[in-house]
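So the structure is just underneath, and the comments pick up after that.
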Amino acid sequence: EQVGLNTRQFSADIENGKARKLFQDDLHACRTKGVRGFPTFLIRSSEGEILLRSYTSYHAFERWLQELSRNKLKKKVLNGESTQVLDFIYRYGKTAIIEIATVFDLDFKKAEKLLAGMAVKGLIVEEKAGNGFLYSLPK
């Protein structure tokens with residue numbers, strides 16, 4: 001529930017077999033594509049598709065997306081300003097430090113300091129989760 005899981009729906013989907021069917025469909029699709037590990041990303045475009053296996057950096061994703069689009073994508077400059085971070089949290093909900101560090105190409109300490117500063121100002125809410133924090137917009 002802490003990460004937004006609807007536990008009633010989850011339990012119902014387990015009990016009625018929907019979860020098993022979706023899992024089996026996903027497993028079949030993965031085996032068909034030759035997926036053997038986690039994470040694996042399939043990126044498709046009208047120009048083709050690419051399967052990225054294992055951890056993939058933002059820069060590798062960017063290279064492949066540009067190649068598949070024939071360099072037609074315009075890069076949005078992300079500088080880690082608080083307005084961009086707020087927009088990210090608004091779009092994706094609860095966010096961890098590592099997500100901000102990765103998306104905005106910041107080192108972990110800088111992302112941690114940025115989020116903590118935004119929390120002190122009341123722009124976002126800091127919530128203890130496991131061995132770290134999640135950040136969200138105030139209610």
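The values are calculated or read from the model by the stated rules, or taken from the named source; none is laboratory data. What you are looking at is a predicted structure, and each value in this text was computed from that prediction instead of being measured. Please note: Cβ atoms are built from the backbone with ideal geometry, for glycine as well, and neighbour counts cover all protein chains shown. For the accessible areas, the whole protein counts, side chains as well, though only heavy atoms, and no ligand, DNA or RNA atoms are used. Shrake-Rupley method; radii C 1.70, N 1.55, O 1.52, S 1.80 Å.
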query = If you average the sequence gap of Cα pairs under 8 Å that are 6 or more apart and divide by the length of the chain, what percent do you get for the contact order?
reply = 14 percent
inquiry  = Between Gln84, Gln24, Gln66, where does the largest GNM mean-square fluctuation fall for the chain, given springs only between Cα atoms within less than 10 Å?
reply    = Gln24
key: Longest exposed-site-free window of the chain, the sites being GluC sites (Glu not before Pro) in a DSSP loop that have at most 16 other C-beta atoms within 10 Å   = 82-139
Accessible area in square angstrom per residue, the chain, 1.4 angstrom probe = 76 Å²
remark   = Of all C-alpha pairs within region 34-117, those more than 15 angstrom apart amount in percent to 65 percent
inquiry  = Probe radius 1.4 Å, ligands and nucleic acids left out: which of Tyr90, Tyr58 has the largest accessible area, and how do the rest follow?
reply    = Tyr90, Tyr58
ask   = Reported to two decimal places, what Rg/Rh ratio describes region 2-78 when computed on Cα atoms with Rh from the Kirkwood expression?
value = 1.11
request  = Return the carbon/sulfur percentage of the accessible area of region 73-139, one whole number, probe 1.4 Å, all protein chains in place.
outcome  = 58 percent
query = Which of these, Phe108, Phe38, Phe61, has the largest mean-square fluctuation under a Gaussian network model of the chain (Cα springs below 10 Å)?
reply = Phe38
task = Could you work out how far apart the two model spin labels at Ser136 and Thr32 are, taking each label as a point 7 Å from the Cα in the direction of the beta carbon, and quote it in nm?
result = 3.6 nm
task = Determine the alpha carbon to alpha carbon distance for each of Lys18/Lys128; Lys33/Lys109; Lys75/Lys109 and list only those over 31 Å.
result = Lys18/Lys128; Lys33/Lys109
task = Calculate the spin-label point distance for Glu15 paired with Glu67, positioning each point 7 Å from the Cα along the beta-carbon direction, and give it in nanometres.
result = 4.9 nm
ask   = How much accessible surface does Leu86 have with a 1.4 Å probe, in Å² rounded to 10?
value = 50 Å²
